[in-house]
Amino acid sequence: MQKLVNKFKGDDQVKFLFIHTWERSATPQKDAIEYLTGNKFNLDLYMDAKDPNTRSNPAVSAFKVMGIPAKFVIDGDGNTRFKLTGFSGGDDAAVAEVSAMINLAKRPKI
């Protein structure tokens with residue numbers, strides 16, 4: 001995903017939110033930071049901690065995530081235009097696929 005962030009750097013119409021969720025570790029934030037640092041990723045980190053009362057993850061529930069990684073392309077009006085779950089292929093294929101979706105989402109709906 002770092003390649004995708006780099007590709008759209010400077011494009012004010014594109015924002016990325018990477019949300020760490022479904023963590024089973026006792027130290028999820030520390031683990032996530034170590035993962036980002038260890039892989040030299042320069043990404044903002046958002047945590048979707050499990051609610052102790054409901055035992056659910058708020059972002060997972062809100063976006064109806066069924067598996068990870070999950071990717072959503074949301075347009076300027078707040079509409080989810082694309083939703084992808086899972087990962088297959090290499091980084092370059094993922095960048096091309098998500099880039100195409102971003103570019104389509106930037107176009108006005110007809």
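Every number here is computed from the coordinates shown, using simple stated rules; none is lab data. Nothing here was measured: the structure is a model prediction, and the numbers come from that model. In this analysis, Cβ positions are derived from the backbone assuming ideal geometry, glycine residues included, and neighbour counts consider all displayed protein chains.
Key figures for this structure:
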read-out	value
Only listed residue being of a type in the set (Lys, Arg) and over 18 Å from Gln2 (Cβ atoms), chosen from Lys71, Lys83	Lys83
Residue list for region 71-103, restricted to those being surrounded by 12 or more Cβ atoms within 10 Å (Cβ to Cβ) and in contact (Cβ under 8 Å) with a residue 24 or more places away in the chain	Lys71, Val73, Ile74, Asp75, Arg81, Asp91, Ala94, Val95, Val98, Ser99, Met101, Ile102
For Thr54: the one exception among (1) touching a Ser or Thr at 6+ places or on another chain (Cβ under 9 Å); (2) surrounded by 14 or more Cβ atoms within 10 Å (Cβ to Cβ)	(2)
